[in-house]
Structures are given as C-alpha cells and as structure tokens.
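Here is the structure we will look at.
The values are calculated or read from the model by the stated rules, or taken from the named source; none is laboratory data. Quantities reported herein were computed from a predicted structural model and do not represent experimental measurements. Backbone-built Cβ (ideal geometry, glycine too); neighbour counts: all protein chains shown. Ligands, DNA and RNA are excluded from the accessible area calculation, which covers all protein heavy atoms including side chains. Shrake-Rupley method; radii C 1.70, N 1.55, O 1.52, S 1.80 Å.
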Amino acid sequence: MWAAAGAAGLLILIALEVAARHYGQPGPVTNQVREVLFAPKPGPLYGGLALMMVVLTWRQRFIAAGAAIGIDVVFVLARWAVGAETDADHFFGNGALWVMLGCGVIAVTRRAGEERLLLLKGVGLGLLLVAGRKTGDSWLFITSKARPAVLDQYVAVVDHALGNPSWLVGRLLRATDPIGPHLLGVVYGQLAVAAIVVALYQLRNVAAERRFPRHHLVRTFLVIGLLGPGIYMLFPMVGPVFAYGPGASGTGGVQWAVANLWPNTPPPLHLPQAMPYDEITPRNCMPSLHTAWATAIFIHSRKGPRLLRAAGTFWLIATLTATLGFGYHYGADLIAGVVFALTIEVALRSFDRGWDRQGIQLVVYGTVVFAALLVAYRYLPMEVARYPAVSGPLLVLAMASVIFGYVRTTRLWEPKAAPPLQLEPQPEPA
C-alpha cells in the first residue's frame, strides 16, 4: 500500500507539474526542488520534520532537530553575506528538508528490514505533508486558469434557505474588530498546526512500538486534500467576499463581483447564472475543505486527554466561524464539507478494519447525500430558496443524518469492555 501510494503521489506531482507549466508557472516538483537551496516557507517543512521524527528515538530526535537548526543557521548567514533578498515569510526551513532527505538516504544505505521500512515510512509521512502543500498551491492556480466561470450565484441563492449565514456572521465578526478577526485569522491560518498537534499525540508511541497505528489523522487529512480539490473543478466558486464583496484584501474584487453587498446587504433572490471571474482567485469554495479538515481534527481529538478534546472542539467552532465571518464560504458548502469529511473518515476506517455492512452502507449513504447536495445546489437553487421553511431544515437534516450514522456506526466498531470476572464462592474449610 505504501509503495502504491508513493507511485500514485509521484504521478500526481508529475501531472500537476506539466499542467502548471502549460499555464506558464512552475509546478510542485520545481518548487520543491528549489527549496533545497532557496529560502522556503518554514512552517510546512518543520511540520513535516516533526511528523518524521515520530519514528526516531529521543536521542535521534535531538540530533535531527539540532542538525536542521544548524543547517538553517548556515543558510541564513550565507544569504546575509551575499545580500540575497527573501520574502518576509520565507526566511529559513532548508535544514528541515535536508534532514528529511538525509534520513531517507540513511534508511536506504544504513538500515535493513523492518527498521528500514519504518524509517522510510516516517520520511514519507513528513515529505507527504510538504508535497501536499506544494500540490495544493499548484492545483489552486490551475483552477483559476481552467475554470473562468464560477457558480457562486447558485449557492448564494441556496443560502437564502439557511438565512444567509455568511452575511450574518460577517457582520457579527466586524462588530468584534479587532480582537475577533485577529483571533479567528490565527485559527484559520494555522489549521495545519492543529492537525500536527493531534497527529503527534496519535503517533506518540510509534518509536517505542516500532509500528504505526492502523488509522490516524494524517491519512484522513491527506485524502481530504487529495479528493476535495477535484470538486473545485466540477463546482467552481470563489466565495461571498469575492463574488459579492471587495475581495479578501478589501480591493481588487469589486470589478468582478455581482455587486459590493457582502456583508451588509444580503443578495437579492433572482435566477442565478454562471459568471466570469478573474484568472487569479482560486476556485476553492465547494466543498469547504477547511470545514472538512476541522471536522477531521475534532473527530481524531475525541480519544485524547481533556485538553486536546477541548482544543479540537474550539478549533472546529472557530474554523466554522472564520470561514463564514471572513466571507470565504457560504453555509451550503460548510454542510457539504462536513458530509464529505465524515464519508472519507468512515471509508478509511472501513478499509483498515475490513469492510462490513454498516461501513459500506454509511459510505454509500454519505456519497449519495453529498452528490444530492451538489445536484440541488446546481439545478434546484430557486426551488430551495422559495421554500426556506422546508428546504433549510432539510439541508441541515441531511448533514445531521450523516453525523448520526457516523456516531452510531463507529460506536458499533468500538471494542467492548470485557465483563469483570465473577469469582464463585468457595466453601469454607471445616
């Protein structure tokens, strides 16, 4: 499975490299190779290093971290000496990439058997996180070029049945400025950090047990990131702040928007149509992958200590609030994101434990609900909006039914605690 996943990942990277080159931009392979020498963004690289180190002993972790920091110091001093210019957020990070690549070389040349396989899995896990970020950036660029028309008007009409939540939360968030927007901006932008924290907790015993657990958050995170962007091409959208507002930066989006309405004035109810948008803004709104990822973090934090469970709950609520309050998503694509995440989670767990009737039924049901939501958003928006007292609760009920099915099914999968042994009374000695 690991070999097949690696081969599939390599083919995807090559395909995206070719596609990005077709539109005149370097792809994920070029960008990743470039970061061997040039200043990268440090977050993903050190996050990948942290994941890789779950297979190392504590002594090896200190050596790897020290080597990464030392290499970065050399690179920073060298750039300073030659006067090389770097972006504000691209200052260091080469050391983490060099250490991961070095551990891969050590695994091939200095390890054998299970130890080699375990170290290669750790290196692969760390590099997958880094490659996932590069792949996502290239794919978002491709969506803006390949899908010139967006379908935001359709989902904005559907959102009338939900009470236009993005407009409502957007006004509430502005009322809390500057504290609310700043706090939620940190949460929204550091979703990967929360995922790494939960993943490190789940993988904390890998070095001692010399094996990975059957299922963990990183797998769900990567599969969501692999499958979700495909829906961007089927249902391209840019989000309310772009389609109905000034754009995320406050300027530059009005000339492409339907009107400058967000978040003060809900859009009027009229027959929707596809509309052209610029070739810069990613079409990354349907489904809301931030919602899907935050849902996965919440699920995987449930078996952690109380502090981790509280953090998972906070991150889910704050992420949902941020996606709506910043105008990046509509309420309808948050519903789709939850259904999408739960369906993938059940599919992965069923694959690990062996497919049974409950797992198959829930995966099929979640897929049907997700497809039905997209069809309703695209082909029945006016019907949904005309009867909000019926259609709004039905949309929420569809999501709630998948949540209920997930909770019920996964509880059946939990191992049952063995009943305590009952000692039979013994006759007293005469």
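Things to note:
- Counted residues, segment 387-407 - those being free of Cβ contacts under 8 Å to residues at least 24 places away in the same chain and of a type outside the set (A, V, I, L, M): 2
- The condition (being modelled with pLDDT of 90 or more and surrounded by fewer than 18 Cβ atoms within 10 Å (Cβ to Cβ)) is satisfied by just one residue among 105, 123: 105.
- Residue 135 being among the hydroxyl-bearing types (Ser, Thr, Tyr) and either surrounded by fewer than 17 Cβ atoms within 10 Å (Cβ to Cβ) or under 20 Å from residue 8 (Cα atoms) (or both): yes
- For segment 256-277, the set of residues classified as open to solvent by less than 40 Å² (accessible area, probe 1.4 Å), in a loop (DSSP other than H, G, I, E, B) and modelled with pLDDT of 90 or more consists of 261, 262, 263, 267, 272, 277, listed by residue number.
- Helices (runs of 4 or more DSSP H) within segment 65-160 that include 3 or more residues in contact (Cβ under 8 Å) with a residue 12 or more places away in the chain and hydroxyl-bearing (Ser, Thr, Tyr): 113-146
- Within segment 367-384, being aromatic (Phe, Trp, Tyr) and open to solvent by 80 Å² or more (accessible area, probe 1.4 Å) holds for one residue alone: 379.
- Cross-chain or 6+ apart pairs with Cβ under 9 Å, segment 18-42 first and closer than 10 Å to residue 138 by Cβ and in contact (Cβ under 8 Å) with a residue 24 or more places away in the chain, then assigned to a loop (DSSP other than H, G, I, E, B) and open to solvent by less than 30 Å² (accessible area, probe 1.4 Å): 19/27; 20/27; 31/40
- Restricting segment 325-366 to residues that are in a helix (DSSP H, G or I) and of a type in the set (Asp, Glu), the residue that is surrounded by the most Cβ atoms within 10 Å (Cβ to Cβ): 333
- Single match in 87, 72 (criterion: among the acidic types (Asp, Glu) and more than 21 Å from residue 137 (Cβ to Cβ)): 72
- Qualifying residues in segment 385-399 (those that are under 29 Å from the mean Cα position of the chain (by Cα) and under 11 Å from residue 161 (Cβ atoms)) - the one surrounded by the most Cβ atoms within 10 Å (Cβ to Cβ): 395
- Evaluated against (1) among the hydrophobic types (A, V, I, L, M, F, W, C); (2) within 20 Å of the chain's Cα centre (by Cα); (3) outside any helix (DSSP H, G or I), residue 320 falls short on exactly one condition, (3).
- Residue 46 satisfies every condition listed in (1) under 23 Å from residue 190 (Cα atoms); (2) of a type in the set (Phe, Trp, Tyr); (3) at pLDDT below 85 except (3).
- Checking each residue in segment 297-314 for being assigned to a helix (DSSP H, G or I) and loosely packed, with under 11 Cβ neighbours inside 10 Å picks out 306, 307.
- Residue within segment 16-24 that is over 19 Å from residue 96 (Cβ atoms) and of a type in the set (Lys, Arg) present: yes
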